[in-house]
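Here the structure comes first, spelled out in structure tokens, and everything after it is commentary.
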Amino acid sequence: ISVMVPVERTTVTAKSPDKIRSCDMMITDKPSRLKKIINFREGSTEGPELEYPGTGEALINNKLAELMGVEKGDMLRVEYDDTKMVKLKVSGIYRNYVGNYIYINTETFDKVMNKAYEPELALIKLAEGDTEKTVKDINENSSVLGLKLNSDTRKTVDSMMVSLNYIVWLVVACAGALAFIVLFNLGNINITERTREIATIKVLGFYPAETGSYVFRENIVLIVLGIAVGLPAGFALHKFIMKQIIVDIIAFNETVEPRSYFFAAAMVICFSVFTDMILRKKLKKTHMAEALKSIE
């Protein structure tokens with residue numbers, strides 16, 4: 001065992017004029033030791049570590065802050081023992097992805113909430129390689145009622161994300177198919193409607209590459225405009241969709257990696273090149289004499 005922290009956990013209800021959320025309140029008299037186990041940062045790995053709250057203050061996670069509509073410095077109403085209510089000042093908001101927690105110190109628990117601190121829970125950070133042996137020793141201890149591993153929670157969340165990834169890939173595939181269909185139809189209509197014009201420039205001695213460039217120039221302009229407009233619009237749509245996915249105990253990381261924009265633009269360009277290759281074969285099959293003598 002590298003670190004063990006005695007903690008008391010109690011279920012409380014966070015309240016605002018129009019919102020009510022049940023969450024866990026964590027109390028410890030070893031805040032410096034607790035900070036070795038839990039990362040109290042506004043960002044997942046960046047930014048300075050937040051100070052543990054003082055008397056009358058509380059440290060809450062970002063999802064709970066979003067649900068309750070509070071920010072750093074606001075007062076949060078907390079109901080405990082079903083009938084008792086206390087107001088705590090939000091000293092900081094840290095990032096957490098699973099579960100909603102309020103952290104306070106023992107002075108707040110004793111003096112503000114008038115409850116005695118009696119830890120019944122221990123948070124343990126295991127040294128690398130000690131997991132199996134330590135878990136076995138803890139389970140064999142008759143005084144331990146239960147054991148919960150963060151790795152099990154992580155596996156559960158990962159399995160949820162795998163299911164979500166299937167949906168994402170389905171959406172990407174449908175979007176790619178739609179891009180191909182639109183580009184193909186535009187190019188096909190362009191060639192069909194301008195058969196006489198294409199035949200004329202062929203008669204005038206245009207090379208196949210020049211003819212293709214002349215015909216597909218409109219598609220190239222549309223692709224550039226589509227990428228320029230679509231990437232910002234996609235970012236806004238992504239933000240909107242993520243706001244609609246409301247899960248009380250899970251906070252999603254809404255960061256869009258720069259490479260995602262590159263892949264989106266590259267996919268459209270690849271479909272454009274593929275469509276161009278198919279339609280250039282149709283250009284070669286244009287019969288100049290038949291096209292020029294046809295009645296418009």
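The values are calculated or read from the model by the stated rules, or taken from the named source; none is laboratory data. Bear in mind the structure is a predicted one, so any value in this text is a computation, not a measurement. A quick note on method: Cβ atoms are made from the backbone with ideal geometry, for glycine too, and the neighbour counts reach across all protein chains shown. SASA here: full protein model, heavy atoms, side chains in, ligands and nucleic acids out. Shrake-Rupley method; radii C 1.70, N 1.55, O 1.52, S 1.80 Å.
The table below lists the values:
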| quantity | calculated |
| --- | --- |
| Candidates E118, E57, E197: whichever shows maximal mean-square fluctuation once the chain is modelled as a Gaussian network with Cα springs under 10 Å | E197 |
| Label-to-label distance, nm, for residues given as V144 and E51 (7 Å Cα→Cβ offset) | 3.6 nm |
| Nitroxide proxy distance, nm - points 7 Å out along Cα→Cβ at V168 and I245 | 0.8 nm |
| Given [x] 1.25; [y] 1.08; [z] 0.94, the label whose value is Rg/Rh (Cα atoms, Kirkwood Rh) derived from this model | [x] |
| Separation of the A122 and T10 label points, Cα + 7 Å toward Cβ, nm | 2.3 nm |
| Gaussian network model of the chain, springs between alpha carbon atoms under 10 Å - residue of L88, L123, L76 with greatest fluctuation | L123 |
| DSSP H segments from the chain that extend 18 Å or more along their own axis, Cα-based, with Kyte-Doolittle mean of 0.0 or above | 150-193, 208-244, 258-284 |
| Highest-fluctuation residue, M26, M160, M85 considered, GNM on the chain with Cα pairs under 10 Å | M160 |
| Accessible area of the chain belonging to carbon and sulfur atoms, whole % at 1.4 Å probe | 59 percent |
| Whole-number accessible area per residue in Å² for segment 136-259, which is evaluated in the context of all protein chains at 1.4 Å | 72 Å² |
| Share, in percent, of DSSP beta bridges within the chain that are antiparallel, nearest 5 | 70 percent |
| Shape category assigned to segment 205-245 from the gyration tensor of Cα positions, a/c cut at 1.5 | prolate |
| Structure-based [θ]222 nm, the chain - -39500 (n - 2.57) summed over DSSP H runs of at least 4, per residue, nearest 500 | -16500 deg cm²/dmol |
| Once exposed loop trypsin sites (Lys or Arg not before Pro) are cut out (DSSP; at most 14 other Cβ, 10 Å), longest piece of the chain | 149-284 |
| Whole-angstrom gap from segment 145-163 to segment 254-271, using each part's C-alpha centre | 31 Å |
